[in-house]
Amino acid sequence: MSQQLFNRLRAASVIAAHPNSLVDLHLDHGCIKCRISRELMDIIRKEGKRMVLAQSSETTVGNTVRRVLKIIREEYSRLRGRSEETDQQESLHKLLTSGGLSEDFSAHVPALRANVIEVINELLTELEGTLDNIAMQALEHIHSNEVIMTIGRSRTVEAFLKDAARKRKFHVIVAECAPFCQGHEMAASLSKDGIETTVITDAAIFAVMSRVNKVIIGTQTILANGGLRAVSGTHTLALAAKHHSTPLIVCAPMFKLTPQFPNEEDTFHKFVSPQEVLPFTEGEILAKVNVHCPVFDYVPPELITLFISNIGGNAPSYIYRLMSELYHPDDHDL
C-alpha cells in the first residue's frame, strides 16, 4: 500500500480532500507493531517524508503525518501518567531546569499499539465526516435572497451551498477561474440542484462585487499565519471583497492547516503550461515574451473574515491556537 500511494502521489492523482488513504497507511504499515514510541515515530516520519517528497506541493500529506505523530506523543504521555496539557504548562520550568531536554520516547509501553490504533480509527471517522460537518453549518451563514460569490470549483463549497439550498433561496455568482475555467463545472452542478447561478469572467469580479452579500471560497492550504494558498484569481476576489467591505468566508477542513509559512519553501508556487493563456500556435509572439501561468494565489489573513472548518468557525487570528492543538512543534519539520 505504501508503494501504491507513493506512485499515485508522484502522478499527482491523490485528491487533497481525501487524506484517509494516508491514515490507512499508518494503520497498515508494519511499524504499528512497534511498542517503543520512538521507533514508531521514526518509521512514520521517514515514510511521511518520502510521501512529501513525492508531491511536495501537496501539504495534506505532511499534515496527516504530523497529526498521527501528535497522536502517538499524546498516547505515550497519557500511558506514562502525564498529559500534553500538563507538559505545556510546565514547559518554561522544564526549559530552565532540564536544559531544554525533551522526552526521548524510549520507554517500553505495552498498551501503546492498541491505544494508537484506536485513536487513529477515531481520526479516520473524523476525516470521513469533515464534508458533512462543514456543510451542516451552512444555514448559520447563508440567508434567504442573498447573493453569494465564489470562484472555481471547490467540493467543500459546493456541498456547503447545496446544503443551504435545501431551505433557503439565494443566488450564486461563480467566477470562472481562468484559464482552467472550473467555475463552469461548479455552476452546472449547482444549477442541477435548483440553485440560481450566474457565471462571470474573472475580469468582472470587481464590477459585480457591489451586489454581493458575502464571498464563500475553498482553499488548497491554510498557512500558519492564517493566510491561504488558493486557486489563481482568489487574491483578486479577496481584494475586491475587502474594498466593498464584503465578508469573505473560507470553507476548509482542518487537515488543510499546515505549519508552513508563505515564504518558507519554493514548493509554495506551482506553474503549469501557458498553452491555455497563449497557445503555442502564436509562435511569433512566444519568441518575444516569457509567460508564467501560476496555479495558486497567496491570500493574506487580513483579507479573510472567517474560517469554517469541521470543528466550527474561527477567525484567522485563532489559527495559531488550532495549530498547537493539531500538531506538536517538534513535528513541524518532518
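Of the residues 296, 271, ranked by 1.4 Å probe accessible area with the largest first, the sequence reads 271, 296.
Leaving out same-chain residues fewer than 8 places away, which lysines sit with a Cα under 24 Å from that of residue 167? Reachable lysines: 192, 214. Under 5 Å between amide hydrogens, built in the peptide plane, is the criterion, and for residue 214 it picks out 147, 149 among residues at least 5 positions away or on other chains.
Proximity of backbone amide H atoms, modeled 1.01 Å from N, is registered between residue 231 and 220, 297 at under 5 Å, excluding neighbours fewer than 5 places apart on the same chain. For residue 196, the residues 5 or more places off, or on other chains, whose built amide H falls under 5 Å of its own are 170, 172.
Whenever you get a sec, line up 73, 45, 38, 78 from highest to lowest accessible area (probe 1.4 Å, protein heavy atoms).
The residues order as 78, 38, 45, 73, largest area first.
Within straight-line reach of residue 46, meaning a Cα separation under 28 Å, sit the following lysines at least 8 residues removed in sequence or on another chain: 33, 70, 256, 270.
The shape of segment 152-228 can be summarised by an equivalent ellipsoid whose semi-axes, obtained from the alpha carbon gyration tensor, come to 20, 16, 13 Å from longest to shortest.
The values are calculated or read from the model by the stated rules, or taken from the named source; none is laboratory data. Just so you know, these numbers come straight off a predicted model, no measurement behind them. Just the protein is used for accessible areas: all its heavy atoms, side chains included, with ligands, DNA and RNA removed. Shrake-Rupley method; radii C 1.70, N 1.55, O 1.52, S 1.80 Å.
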